[in-house]
Amino acid sequence: MSDRPADWTKGAEAIVYQTCGACGAVQYFARHFCAACGAPDPSPKRASGSGTVYATSLVCRAATPETRAHVPYNMVLVDAVEGFRMMAHGDNDLAIGDKVTASYRPFAGRLVPYFERVK
């Protein structure tokens, strides 16, 4: 997976997912194999950043001293248009079913995906 494009976990403004050439499965979180069929080396792809809110949870208590300055903040599960689900930060007023798009913002010293309602 050395040819894997950089994504937000490496400081780039991108979300990278994988597709399996053997079975067509889509997965988020890089692996050396397909989680559905076990085939080696799924292909990395860059996501569009578009999706729909599946769930939302407003965090009102800081888990660490580094996150205290961000409280309250919203954690969302987003169903990406490419077919995977991911957890990320989002606007505090997002609701289930909202169409969203990703931008990237600093959070506790890291650049993270941040979802906003499509206008």
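The values are calculated or read from the model by the stated rules, or taken from the named source; none is laboratory data. Note that the structure is predicted; figures quoted are calculated from it, not measured. For neighbour counting, all protein chains shown are included, and Cβ atoms are generated from backbone atoms with ideal geometry for every residue, glycine included. Only protein heavy atoms, including side chains, enter the accessible area calculation; ligands, DNA and RNA are left aside. Shrake-Rupley method; radii C 1.70, N 1.55, O 1.52, S 1.80 Å.
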Students often get this wrong, so try it: which of (1) 44, 29, 22; (2) 61, 35, 21; (3) 76, 41, 21 is Cα extents along the principal axes in Å as calculated from the structure shown? (1)
Percent of accessible area on region 1-96 owned by carbon and sulfur, 1.4 Å probe? 53
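For Cα pairs less than 8 Å apart in space and 6+ apart in sequence, what is the mean separation divided by the residue count of region 74-119, i.e. the relative contact order in percent?
With pairs under 8 Å counted, the relative contact order is 33 percent.
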Among Ser43, Tyr104, Val53, pick out the residue whose Cα is farthest towards the positive end of the charge dipole of the chain, where Lys and Arg carry +1 and Asp and Glu carry -1 on C-beta, about the Cα centre. Tyr104
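Using Cα pairs under 8 angstrom and six or more residues apart, how large is the relative contact order of region 1-118, in percent?
Numbers: 263 pairs, mean separation 26.6, N = 118.
Relative contact order, region 1-118: 23 percent.
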Report the label-to-label distance for Lys99 and Cys23 in nanometres (one decimal), using points 7 Å from each Cα along the Cα→Cβ vector. 3.2
If amide H atoms are modeled at 1.01 Å from N in the peptide plane, then the residues at a separation of 5 or more from Ala14, or on another chain, having amide H under 5 Å from its own are Trp8
Between region 5-59 and region 77-103, how far is it from one alpha carbon centroid to the other, in angstrom? 14
With labels modelled as points extended 7 Å from the Cα through the Cβ direction, what inter-label distance (nm, one decimal) is found for Lys45 paired with Ala63? 2.9
